[in-house]
1. For VAL150, what charge total do you get from the other residues with a beta carbon under 12 Å from its beta carbon, if Lys and Arg give +1 and Asp and Glu give -1?
2. Hey, could you pull the Cα Rg and Dmax for region 151-220, both in Å?
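Each value in this text was obtained by applying a stated rule to the coordinates, not by laboratory testing. Predicted model only: the values in this text are computed from it and were never measured. With ideal geometry, Cβ positions are generated from the backbone for all residues, glycine too; neighbour counts draw on all protein chains shown.
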Amino acid sequence: MTTQLRSLSEEMCRTTILDCVNPVTRMGAAMILTFPLFITLDWVSALTVVALEIVIWLALCPRHMGSRLRTLGLRAIPFVVAAPLAGLSMALYGNPDGQIFFTWGLIVVSEQSLSYAAAVAARVIALGMACLVTLIGVDPTDMADGLAQVWHLPSHFVLGTLAAVRLVARLGDDWRTMQLARKARGLGDHGVLHRYATLAFALLVSAIRRGSTLATAMETRGFGRGRRTWARPSKVGVPDIICLGIAAGIVGFGLALALVTGHFRWIGDVL
């Protein structure tokens, strides 16, 4: 069994270097990449971080660059859509300064408010990309192994997290099944809002019931009790250190470039 797991791990490492990194290390890299984005507000550092993340992520597996770009693009759609919406409020109600472009009541669009809006939009994209490039392809079971063995988190928390992730992955299938069931039963369509509200409520009830059943099953089978053994050891090594170093280097370069170009802003200077 151990030999099979080792050969599988080696095959994954040949596919992409990032697969050799422990999932919890990849989570730590995501934290490093996103933390400065919460305490600064400038578009230069955010876009620099995004560009470096994508370039390095694609360089890890150049043979599949086209498919990886398509995967990243599809998963980044929610962040790309949310970015301008997040920057809109800053553009309309941000602290005005510099040249005034438009004024109407409380709305003042100025040179500074547009700069802050661009920074907010860039940070939304940067936050999403940091999570995508570090966590795409992570197996939930491997993540749970790392949380328990490397970070030594309580088994109840780890197992609960693993169960939640597995259940979330099934929500899309449940949604499609409920839609087909409504069509098969000939239920009338009273509009888009009514249809989606009904399906959302049914999905919520189903998720609660499934979660309750799973929690009871895990409790009766003794999950989290006593000393646990692990079928797959989770360890950290040189690739993990390199991954964290690259993440820190990306953040440092982005912040340094913002300082050099004069665009660096602490979030406290804006609030």
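1. Values: positive: ARG26, LYS235; negative: ASP142, ASP145, ASP240.
Net local charge, VAL150 excluded: -1.
2. Cα-based Rg and Dmax for region 151-220 come out at 15.8, 52 Å.
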